[in-house]
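The block underneath contains the structure these notes are about, expressed in structure tokens.
The values are calculated or read from the model by the stated rules, or taken from the named source; none is laboratory data. Bear in mind that the values here come from a model prediction, so they are computed numbers and not experimental data. Quick reminder, even Gly has a Cβ in these numbers, built from the backbone with ideal geometry, and neighbours come from all protein chains shown.
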């Protein structure tokens, strides 16, 4: 085994690295208008970079969020985890200097937990897109307002729901979709910053119909020592949501998240 490892190490280009670096988030939110379906909402996400070769890198990502509401058979149980939503991703990225171009697969699924109907719905995407780095532009020194120089960071992608067939797609009639997110910091002071985020998603169905989801978020972030770990408080609202999965139109919630 040791001789095989030595041969592989010699044959690999010197530019190939295995950093195994990770970033992620952990958050908990409380709905303003609580009911059986929406009481507390939690999310966790992590992304690992196992391989880098010059400007190219590969990543593995996992995201999960759950709703906690009243139990369907015990209304006194307020923290029943009744629904799960998962995303599993494999990504290939190219660092362009100003950001990244990326190609990735996204397995997304929804499952009911401890409910009379344990309906499962899932979809598989092939997505291409770009990421705009916040550090791709030089902001003014020690800014109080517009700390990014008035240029938002963010990302955009287009997704195809392929391959076809129930082995890969179930519970939806999406043909393709567009997703994006823009992050605009408006003010910064020492370790604190704050701003707005907007995330639109558009879904184009097989029958020619369309649906969408729009998420607005105001946040304040504390980053001690200028490091990679930070803490956020946020207020989030969905002014429109017509896509078929767990619609949140009109819903508002507030909460916190840790980012690393």
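Some observations on this one:
- Any hit, the stretch 144-154, residues being touching a strand residue (DSSP E or B) at 6+ places or on another chain (Cβ under 6 Å), surrounded by 14 or more Cβ atoms within 10 Å (Cβ to Cβ), over 26 Å from residue 96 (Cα atoms) and at pLDDT 90 or above: no
- Test: residue in the stretch 207-217 that is touching a strand residue (DSSP E or B) at 6+ places or on another chain (Cβ under 8 Å) and either over 23 Å from residue 245 (Cβ atoms) or not in a strand (DSSP E or B) (or both): no
- Criterion: modelled with pLDDT under 95 and either buried (at least 16 other Cβ atoms within 10 Å of the Cβ) or part of a strand (DSSP E or B) (or both) - qualifying residue of 245, 256, 202: 245
- Hey, residue 64 within 28 Å of residue 256 (Cβ to Cβ), modelled with pLDDT under 75 and in contact with a strand residue (DSSP E or B) (Cβ under 6 Å, 6 or more places away or on another chain) or not: no
- Test set (1) buried (at least 18 other Cβ atoms within 10 Å of the Cβ); (2) at pLDDT 85 or above; (3) more than 15 Å from the chain's Cα centre (by Cα) - residue 131 fails condition number: (3)
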